[in-house]
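*Asks:* Got a structure for you, questions after.
The values are calculated or read from the model by the stated rules, or taken from the named source; none is laboratory data. These figures come from a predicted structure and were not determined experimentally. Here Cβ is always computed from backbone atoms with ideal geometry, including for glycine, and neighbour counts include all displayed protein chains. Protein only, heavy atoms only, side chains kept; ligands, DNA and RNA dropped before computing areas. Shrake-Rupley method; radii C 1.70, N 1.55, O 1.52, S 1.80 Å.
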Amino acid sequence: MTLRDLRGQQTARETLERALASKRVHHAYRFEGPAGVGKELAAFALAQALLCTEGDPLGCGVCGACRRAVTISDRPPFVPLHPDLIVVEQGLYPDSIIGRDEKSGVSVEQIRRIVLGHVSFAPAEGRARVFLFRRADELTPQAANALLKTLEEPRPATHFILLTSRPEKLLPTIRSRSMLVRFGALPEPVLRDLLTERGIAEPLLGEVVALAEGSVERALDLAEPERAESRAAFLRALTAASAEGTAGAAVKLAESADTDRRVMRDRLFDLAAHLSAVARAASPDAAFALARGYELVMKATENLEMANAAPAHVLTDLALSLHRVGAGAALRSRSNA
Ligand SMILES: [Zn+2]
């Protein structure tokens, strides 16, 4: 696995390849994009390229340095075997190493021991040293502040790669000291190929691709047999209740559903994605009803999260309002087709 193998992220890949080929690799990159689209693969590949001892600007992928960069120790802490690739992540290191348990974010202690404790020394094996922050948005403000000076003026051959799927959570001072590389949702054909290689076949393949919003991680999650089955059951029950449109059917739906708030939130997102997937193949009239249905689902999600409405009520209301806009009927005719 090298940068050559990164799929569906052409812009990011070209940015990094150009930097490596011209030996002008920035000392602090910030990889932003949704979860499960290749940020971490790209970060490890960039680290390989920087640590490779074979003179291949993109990393040869086979020398000892390249291989140890992507091989994780089989006992704790679960970090790369290469001593010059240092991963920073909440809870990765035991308190015997960093001196405390980490429950709320990457602590200032981790930054002191794991980052600042190393930066003033030359790399252990010579070429470069790379700090990889798996979820940079988990840095506590104290940890972020402890990092600022080093992030701004690191030693030569020291590199930082900050990954985040929640860039709005990063301190502006961290953002301004790092160079953005954007990662987008994976295009559908790429996602299909990646999932097929992992043994996922139709009809599940088509279903999860439609729901996954370009994220391999989300697709694999959706493809878990248990999750796939409970999602299908929910969609069947919701379709039936919203097609019927009676208060009795809506209440029955709410009683049969898992009303844990987080489960319900996932179900609503699945439903929204299902509506948009069905709408793409529907007649114009049905597509219009499904689009209104989609808006209602988004509003229900908002009520669930922002207004803290009871999940069972949200679901009952949703089934009835989907019926009113004709989305229930459109869903049912699709599932009968
Ligand atoms: Zn190599």
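*Asks:* FRET efficiency for Arg75 and Met1, Cβ-Cβ distance as r, R0 = 25 Å, nearest 0.05?
*Replies:* Values: r = 23 Å, r/R0 = 0.91.
After rounding to 0.05, the efficiency reads 0.65.
*Asks:* So what is the calculated 222 nm ellipticity per residue for the chain, using -39500 (n - 2.57) for each DSSP H run with n of 4 or more, over all residues, to the nearest 500 deg cm²/dmol? Write down the numbers at each step before the final one.
*Replies:* On the way: 15 runs with 174 residues, N = 337.
Result for the chain, helices only: -16000 deg cm²/dmol.
*Asks:* As I understand it, the value is the acute angle between the Cα axis of helix 284-305 and the longest principal axis of the Cα atoms of the chain; what does it come to in degrees, rounded to 10?
*Replies:* Around 60 degrees separate the two axes.
*Asks:* Ok, one more. Using a probe of 1.4 angstrom, how much of the accessible area of the chain is carbon and sulfur, in percent?
*Replies:* Carbon and sulfur: 52 percent of the exposed surface of the chain.
*Asks:* A further question follows. Can you give the accessible area of Leu139 in Å² (nearest 10), computed on protein heavy atoms with a 1.4 Å probe?
*Replies:* 20
*Asks:* Determine the shape class of segment 224-336: with a ≥ b ≥ c the square roots of the Cα gyration tensor eigenvalues, call it rounded for a/c under 1.5, and otherwise prolate if a/b is greater than b/c, oblate otherwise.
*Replies:* Numbers: a/c = 1.42, a/b = 1.30, b/c = 1.09.
It is rounded, given that a/c, with a ≥ b ≥ c, falls under 1.5.
*Asks:* What accessible area per residue, rounded to a whole number of Å², is obtained for segment 222-337 using a probe radius of 1.4 Å?
*Replies:* Values: 6130 Å² over 116 residues.
Per-residue value: 53 Å².
*Asks:* Roughly how many Å² is the accessible area per residue of segment 3-182, as a whole number, for a 1.4 Å probe?
*Replies:* On the way: 8530 Å² over 180 residues.
Solvent-accessible surface per residue comes out at 47 Å².
*Asks:* Here's another thing I want to ask about it. Can you tell me how much longer the chain between Ser335 and Thr173 gets when fully stretched, taken as 0.36 nm per residue apart minus their C-alpha distance, in nm with one decimal? It would help to have the intermediate numbers written out before the result.
*Replies:* Details: separation 162, 0.36 × 162 = 58.32 nm, distance 5.10 nm.
Between Ser335 and Thr173, full extension yields an extra 53.2 nm.
*Asks:* Could you tell me which residue out of Ala212, Gln142, Leu235 lies farthest along the dipole of segment 140-251 toward its positive end? Charges go on the beta carbon: Lys and Arg +1, Asp and Glu -1, centred on the Cα centre.
*Replies:* Result: Gln142.
*Asks:* I need the peptides 287-296, 248-257 ranked by packing, meaning the mean over residues of other C-beta atoms within 10 angstrom, with the highest value on top. Kindly include the intermediate steps, with their values, before the conclusion.
*Replies:* Values: 287-296: 20.0, 248-257: 17.5.
Sorting 287-296, 248-257 by mean packing, highest first, produces 287-296, 248-257.
*Asks:* Taking the Cα-to-Cβ direction at Ser120 and at Arg280 and moving 7 Å from each Cα, how far apart do the two end points lie in nm?
*Replies:* Roughly 5.6 nm, to one decimal.
*Asks:* Taking the Cα-to-Cβ direction at Ala307 and at Thr196 and moving 7 Å from each Cα, how far apart do the two end points lie in nm?
*Replies:* Taking the simple label geometry, Ala307 and Thr196 are separated by 4.5 nm.
*Asks:* Given the pairs Lys39/Lys299; Lys23/Lys103; Lys103/Lys169, which are separated by over 28 angstrom at their Cα positions? Display every interim value, and only then the final one.
*Replies:* Values: Lys39/Lys299 31 Å; Lys23/Lys103 39 Å; Lys103/Lys169 17 Å.
Violating the 28 Å limit, Cα to Cα: Lys39/Lys299; Lys23/Lys103.
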